[in-house]
Each structure stands twice: as structure tokens, then as C-alpha cells.
Amino acid sequence: MRVRIGIAALSLLLGYGAFMLAGGLGRLGRPEGPGTIEGDRLPPAVIEERSAAQRGAAQTVGASLAKSILFGDLHVHTSVSLDAMLISLPVGGGEGTRPQADACDFARYCSALDFWSITDHAEMLTPRIWQDTLASVRECQARAGGASDPDLVSFLGWEWTQIGASAADHYGHRNVILRQLEDEGIPARPIAARPTRATDLLGEIELPARIAMVAARPRDARMRDFARYLREQDEVERCENDVPTRELPRDCMETAADPGVLQAKLREWGHPALVIPHGTAWGIYTPADSGWEKQITNALHDPALQGLVEIYSGHGNSEEYRAWRPVLRTEGGERTCPAPTPDYVPLCWRAGEIIHERCLARGGAPIECATRAEQARRHFLAALELANERTVPGASEQEWLDAGQCRDCFLPSWYHRPLGAVQYMLALTNFEAATQPWRFRFGFIGSSDVHTGRPGTGYKEYARRQMTDFQRDGAGPEAAPRAAQPQPARSLPPEEARLPGFGDLSQDRDDQRLSAYFFTGGLVAVHAAARSREAIWEALEQREVYATSGPRILLWFDLLNGPHGEAPMGAALALAETPRFRVRAVGSFVQQAGCPDFVNASGLAPARLEALCRGECYHPSDERRRITRIEVVRIRPQARPGEPVDALIEDPWHTFGCPDAGGGCQLEFDDPEFLGAARDAVYYVRAIEEPSLAVNAKGLGCERDGAGTCTRVDTKPTGTADDRLAEIEERAWSSPIFVDFDPGSGAPPLDAEGSDPLEPGFAD
């Protein structure tokens, strides 16, 4: 009997081991599929009602009705992106798979967008997943109605996700958006960045770790799906780098080492595409001393492709330049830690202060504690960028306080990088060819960068865990308080400070600082001549676009006295007279609770609506929020090599109050200094709405003393229903109007083909 029991136990053990091995190898999970689109085209009367409301608002402020304003989201991830997959897992408190079909239904019925694009990370888009994505986007478009009057225009795209270990090899992220959906109009495969220390996460999830994660949750089929997902990526052939892109096999995964190579490959394909930088000021992945001055080169910038920049998303605001720096470099290239200023405390400085405070609290001598503080700053600066905080072991949010954060930016990005700010980009000039300097001519867009398959999440401020990304609030099933324990009064040397890995998903951390810097998403608005793919694309290419922080603010910004009459936002021209501008703005609709009747009557099933929209849809009332003011930003780009930019960025240059009773406001202004300065200038406007509540707008929730110093942070929600609401002033950013000084030669600002002499040219 004992022998039989032993054999049975051994058999069970071997069977369990085989099950764990097969699960870890990814042989038991299901493939991450595209899902099923359930919603159909919206009733035409719904679209006409929206259009009529916009026409009425435009007439109130005297705007032209020749073009409509359409709202979209060009930055959307589903759970086939690795980071989206990770946060969808139960071990991370996720809600399960969010496939491509969910994004289509959400855009149509929940957020009620006019257009959207899928942009999953190319690094994980295997040939199978890419074909699933293409099929799903095509189906979403097929349900939209005729080509001239669709209810929703769906674009295909991907994200090129590059992270450098140092400022020298860091270029950041780009979204690639394609105009067409037909096979003959799109590349054969998406093009990824080369894996780097932060994007090549698979290296931290080798087979033993995969077996362990499946064994830890044997009843969780989602973990087995994840293991299969990893296996699929491992097995795909990588394309050869020295073979022309059109000659590569269709079923390999292709990479581009930098933005110049990416754009060259897209030119080789020859299909209409947009390359849109985003997150340019995000410290979550950008080395502290990285700046965009190295990217204003002929080799890295093709204006025919890269004409837009994402100024705002649910991951924060990349607009604003600041004079402070996270780190400095000596003439010899050594990184040093700057001292704090009244409005900014560098992380490296605070690292030293934490160790200094711990040392004194343990009775250390002041000289010894000061020495340890300096050592901590050196360790911090010498560590890998994503591991540098780990040189201060066990540091909590109450120790870091608001170090590294922009205190006076609007919904700033995490660890804001001022040399990646859009304002800084626009102040730069390339002087490689002394007779023909050129500059970035970026139009502005907003997007969500959502990782739960929900385009356009900023229509209402609710459901923080579903409508914003990467929330770590202890609500997941694995959450457990970490016991308080004394932390060392010495920093760790760089070689002992490890990078965060997959295991961190299941750890409850004392600091929730990162979660506090994810917001509901922004939008891109286009001035389009028709409600069609072609008209939307033309507006994007012409930069006749603007960004919002989420609400559907209506905005017009025009130059009144261009060489050929009025010129809209995004225009680039030369003037020999004082430029005169006009702004018109109308606030967004106040939202009603719930969903419109047509959604409940003829849209998605109630269970799907609840799963996707959480019971709330875009549901405008007849009341609009007031526009309280218009802020004008003027940037006068560098006129000589090495010219400091601080005085060139005037933000705000002018502020105009708006006597808006709900119908919007309009105003005109000019620049009387333009001719006297005799230099080029860039102008854009912000339309600011009256204060309203927004998710996570508390930021760190700092308690400050009389000197403005943060003495305590409060980032933890009080429960799953706590959206951490606080008042902000939502806004829209116009694309700039680029006005070059014309000394009176009479030369036209653009050549016959419409190319811009202040941007580089590329041969076909």
C-alpha cells in the first residue's frame, strides 16, 4: 500500500512538474488574439448632431465653416504591447486582456472619437500579431460606413521604442502612423528599435523565472498565456541589418538603430507615413542629461516624415522648458550634481540628503555624515539611469519627497527633462550649413498613450485604475504591507544597484510617486475639409492641428497678414511687416453622467459597455465650460551657434483675459517688436478653461512649509474609488505659426514645391 501511495505521489509530483515546465515553456497558454469587435456604425443623426453643435459654436465666435474640427487619439496600446501585457496580469492587479477589438469599440462608443490609430510597441509585434492587428483595424474601418463619411476613421501604426543607456545613444520614442490600410500601401512589417537595457525586458524573464511565475499561480490561465506570449517573441527570426528593407523576408522582425535609420527605411518603402516623437521630456526613461540638440541634424530628421510632436499625453506634459538641470557636466565630461534651487531639487542632491539624515539619526559625526552624503551623490550619478534611485537602499516616498519633479509645470511628466521639452526643441537652430540654417517645424498633437486599449480616455475624469496607466495603489491581489525596518545609512555602489525587474510587479512599494504622474489622456484635433481619411491626413501633414489635455476645446489660431492672406496654425512663412494674429476659442461641453440613449439602445451590450466604459461615455450637455484666458508663447530661435536659449523662450509672452459667458472668446494681437528685432519668431497659443476636477491632479500631494519646501507627500489613494481628484485648468495648445523675418528682398518664403528653406531636404 505504501509503495502504491508513493508511486501515486511521485506520479502527481512528476505530472505537476511537467505541467509547470510546459507552462513555463509557453506550450499551454493561448495566443494573444485580436478579440471581437461588437459595435457597428453610429447612427448618422448622432454625427450630424455633433457637427451642428460645432457649427453653432464656430458661428458664435465668427470662425469659418469651411473646415470641421475632428478629434482623435494617435497613441493607443493594447495588451500585445509588453508593458500593457504586464499591467494586464492579475499579479500586477490588472483586469485581463485588452485586445485590438476593445480599442475599436471604446473609440466608437465610449470616447466617441472621430479617428484613432493603434500604436503597439513594434518590439513585440510578431508577424502573427501584426496580421491580427491589421485585420482588426481593417474591420473597425469597414464598420464605419462609406469612405467619404465614416463615423470613425481608423489608422494603422506602431511605436518605435528606443531607450539609451546614456545621453549619447538615447533618441526616445516615436509613433509611426500609416495613411493607408491596403497591403500595397503599407510596409511589410513594423520596424522596431534595437533592444536596449530597458526595452529588452525579456532578458530578465528567462525560463526558470517563467516556470516560477506559472507555478506561483497554477490556476491562473493568464500567466500561462503570458509565458506563451514570451515564447512567441523568442522564436521569431530577426531580420538581417544590412539587407534593404524591401528585400527582407516578410516574417522576420526588423529593427532600426536610430531615428535616421527608421526614416530611411520608411522612405525606402515610399508609403505615406508620419513619424511622431513623444514623451520627449519624460524622465521615466530619458537619461537626466539627454537633450534634443543632438537630434537636430540632417542625419536624424526628415521634415517630410517628422512634422508633428506629441506635446501632451496621459503620461504628462512635455511642453515646458525650465532653466534648472537634473545633472551637470564639467568641461571634461564628468557628471556632477547641481545644488537645489527654490523651485527644483535634483534627485542626486536629495540622494545625498537622505543618507545624511539617516547618518545623523544614527548618531554619526557631522563630518562623516557629510562625507557619506557626497559619496551617495557620486554613486547616484554613476549608476545606470533606471537603477540610480536604488543606490539609496529602501528609500521611501517620504524620504524622496518631490525631488526631481517640476513644481510649477502643468501636469508634468515624471522627472521632467527640460532639454527634451518641446519649447527647447523649437528654440534650436542647425548651423551645419552656414548659408542655410534650419530648425524643427513641429505641429502639436495630444494623445492618450493608454495601455488598456482605451483611446481618448480624457472625455471624463473618473476610474483612475482603468482610464490612466500603471497604477500601483495596493489594490491588486498580491498587495501586502511591507514591514518597516531601519535602512542603511550608506549608499550602494553602482554595481550593487540592480535594475527593476518583473518581480517588482508583485511587490507593494512604499512609494506610489510614479502612479501619481499618470493622467487621463489628451487629444489631437485637426481642421479638416471633410470627414474622411484623406482630409484628416492632409491636416496632419499640413500641421493644421492642435492638442488638448483631454476636453474637446475648439480652437482657431491664424496669422492675418500673411503674404497670401490669412494663414492657419502650422503655417511657415516670411514677413517684412509686423505680424498680426487672431485667436478664437470655445470651451468644451460639461459632461452628463452615464451614456447617451443611442449607446444604450443600439450600441454595445450592457456587459461590454460596463467592462470597457465603466458605465460612463462621452455624453455632452448643452453647457460649455468658459475659456478664462489666452496665453501666447513666443520663441525666437537661435540666431547664432551656441546662443543661450533661456531668454529666447518667452512663456507666457502675453496673457489675455476672456470675457466668456459660455460662448467662447476671440481676440487679436500683434508683435510690435518683430521688425526691430530683425529675427525669426515662433508663436503659439494656449486656450485655458475654467478650473475643473481631474484624476491624479494632486500630483504628489505635497504639504509645504512657509518657504514652499515639500515636507510630506500623500500619494496613496484611500480606496479603489479614490481617483485623487483635484482642480486643474484644462487647456488646448495650438500648433505654432513660424514667422521668419524677411528684410524686404521680396523672395517667397517657400519654393515652388512647397519645401521649407529652414528645414533640411531629403532626396528620394
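Here are the numbers for the structure shown:
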{"quantity": "Residue selected from the range 48-100 under the condition within 24 Å of the chain's Cα centre (by Cα) and acidic (Asp, Glu), by the criterion nearest to CYS665 (Cα to Cα)", "calculated": "ASP73"}
{"quantity": "Some residue of the range 416-429 being modelled with pLDDT under 95 and not in a helix (DSSP H, G or I)", "calculated": "no"}
{"quantity": "Search result, residues across the range 331-356 that are among the polar types (S, T, N, Q) and either out of contact with any strand residue (DSSP E or B) (no Cβ under 6 Å at 6 or more places or on another chain) or within 14 Å of ARG407 (Cβ to Cβ) (or both)", "calculated": "THR341"}
{"quantity": "Pick from the range 517-543, criterion of a type in the set (A, V, I, L, M, F, W, C) and touching a helix residue (DSSP H, G or I) at 6+ places or on another chain (Cβ under 7 Å), ranking: surrounded by the most Cβ atoms within 10 Å (Cβ to Cβ)", "calculated": "LEU523"}
{"quantity": "Meets criteria (within 21 Å of ALA567 (Cα to Cα), surrounded by 14 or more Cβ atoms within 10 Å (Cβ to Cβ), assigned by TED's automatic domain parsing to the domain that holds ASP558 and within 30 Å of the chain's Cα centre (by Cα)) for VAL645", "calculated": "no"}
{"quantity": "Looking only at the range 145-185, and only at residues there that are within 15 Å of ALA135 (Cα to Cα) and among the aromatic types (Phe, Trp, Tyr), the one that is farthest from the chain's Cα centre (by Cα)", "calculated": "PHE155"}
{"quantity": "Number of positions in the range 153-165 that are under 21 Å from ALA528 (Cβ atoms) and in contact with a Gly (Cβ under 9 Å, 6 or more places away or on another chain)", "calculated": "2"}
{"quantity": "Inter-residue pairs, beta-carbon under 8 Å, first in contact (Cβ under 8 Å) with a residue 60 or more places away in the chain and surrounded by 15 or more Cβ atoms within 10 Å (Cβ to Cβ) and in the range 576-593, second part of a loop (DSSP other than H, G, I, E, B) and of a type in the set (Ser, Thr, Tyr), 6+ apart", "calculated": "GLN591/TYR618"}
{"quantity": "Test: residue in the range 166-175 that is farther than 23 Å from GLY307 by Cβ, touching a Gly at 6+ places or on another chain (Cβ under 9 Å), assigned by TED's automatic domain parsing to the domain that holds GLN100 and at pLDDT 90 or above", "calculated": "yes"}
{"quantity": "All positions within the range 226-250 that are among the charged types (D, E, K, R) and assigned to a helix (DSSP H, G or I)", "calculated": "ARG228, ARG231, GLU232, ASP234, GLU235, ARG246, GLU247"}
{"quantity": "Of all residues in the range 204-234 being surrounded by fewer than 16 Cβ atoms within 10 Å (Cβ to Cβ) and within 30 Å of the chain's Cα centre (by Cα), the one that is modelled with the lowest pLDDT", "calculated": "GLU204"}
{"quantity": "Residue list for the range 681-715, restricted to those being among the aliphatic types (A, V, I, L, M), within 30 Å of the chain's Cα centre (by Cα) and under 30 Å from TYR415 (Cβ atoms)", "calculated": "VAL682, VAL685, ALA687, ILE688, LEU693, ALA694, VAL695, ALA697, LEU700, VAL713"}
{"quantity": "Entirely in the range 589-685, the helices (runs of 4 or more DSSP H) that have 3 or more residues that are in contact with a Pro (Cβ under 9 Å, 6 or more places away or on another chain)", "calculated": "597-602"}
{"quantity": "Filter result (in a loop (DSSP other than H, G, I, E, B) and over 27 Å from ARG614 (Cβ atoms)) within the range 109-167", "calculated": "LEU125, THR126, GLY145, GLY146, ALA147, SER148, ASP149, GLN162, ILE163, GLY164, ALA165, SER166"}
{"quantity": "Matching residues, the range 596-607, being buried (at least 22 other Cβ atoms within 10 Å of the Cβ) and out of contact with any Gly (no Cβ under 7 Å at 6 or more places or on another chain)", "calculated": "VAL599"}
{"quantity": "Residue list for the range 553-570, filter: surrounded by fewer than 24 Cβ atoms within 10 Å (Cβ to Cβ), in a loop (DSSP other than H, G, I, E, B) and touching a residue at least 12 places away in the same chain (Cβ under 8 Å)", "calculated": "PRO563"}
{"quantity": "Residues of the range 650-680 satisfying the condition of being surrounded by 13 or more Cβ atoms within 10 Å (Cβ to Cβ), within 24 Å of TYR321 (Cα to Cα) and under 31 Å from the mean Cα position of the chain (by Cα)", "calculated": "GLU650, ASP651, PRO652, TRP653, HIS654, PHE656, ASP680"}
{"quantity": "Helices (runs of 4 or more DSSP H) enclosed by the range 346-413 - at least 2 residues per element that are among the β-branched types (Val, Ile, Thr) and modelled with pLDDT of 95 or more", "calculated": "347-361, 366-382"}
{"quantity": "Unmet requirement for PHE380, which otherwise passes all of (1) under 12 Å from ALA489 (Cβ atoms); (2) within 29 Å of the chain's Cα centre (by Cα)", "calculated": "(1)"}
{"quantity": "Residue match in the range 664-673 (condition: of a type in the set (Gly, Ala, Ser), without any contact (Cβ under 8 Å) to a residue 60 or more places away in the chain and farther than 30 Å from THR297 by Cβ)", "calculated": "no"}
{"quantity": "Qualifying residue in the range 59-69 (condition: surrounded by 23 or more Cβ atoms within 10 Å (Cβ to Cβ) and either outside the structural domain of TYR459 (by TED's automatic domain parsing) or assigned to a helix (DSSP H, G or I) (or both))", "calculated": "no"}
{"quantity": "Within the range 693-728, tally of residues that are under 22 Å from SER313 (Cα atoms) and among the hydrophobic types (A, V, I, L, M, F, W, C)", "calculated": "8"}
{"quantity": "Criterion: more than 29 Å from ALA403 (Cβ to Cβ), acidic (Asp, Glu) and loosely packed, with under 15 Cβ neighbours inside 10 Å - qualifying residue of GLU703, GLU610, GLU689, GLU616", "calculated": "GLU610"}
{"quantity": "Candidate set from the range 716-735 (those that are within 20 Å of the chain's Cα centre (by Cα) and assigned to a loop (DSSP other than H, G, I, E, B)); member that is surrounded by the most Cβ atoms within 10 Å (Cβ to Cβ)", "calculated": "SER735"}
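The values are calculated or read from the model by the stated rules, or taken from the named source; none is laboratory data. Everything numeric in this text was worked out from a predicted model, so none of it was measured. Don't worry about glycine lacking a Cβ; one is built from the backbone with ideal geometry, like all the others, and counts go over all protein chains shown.
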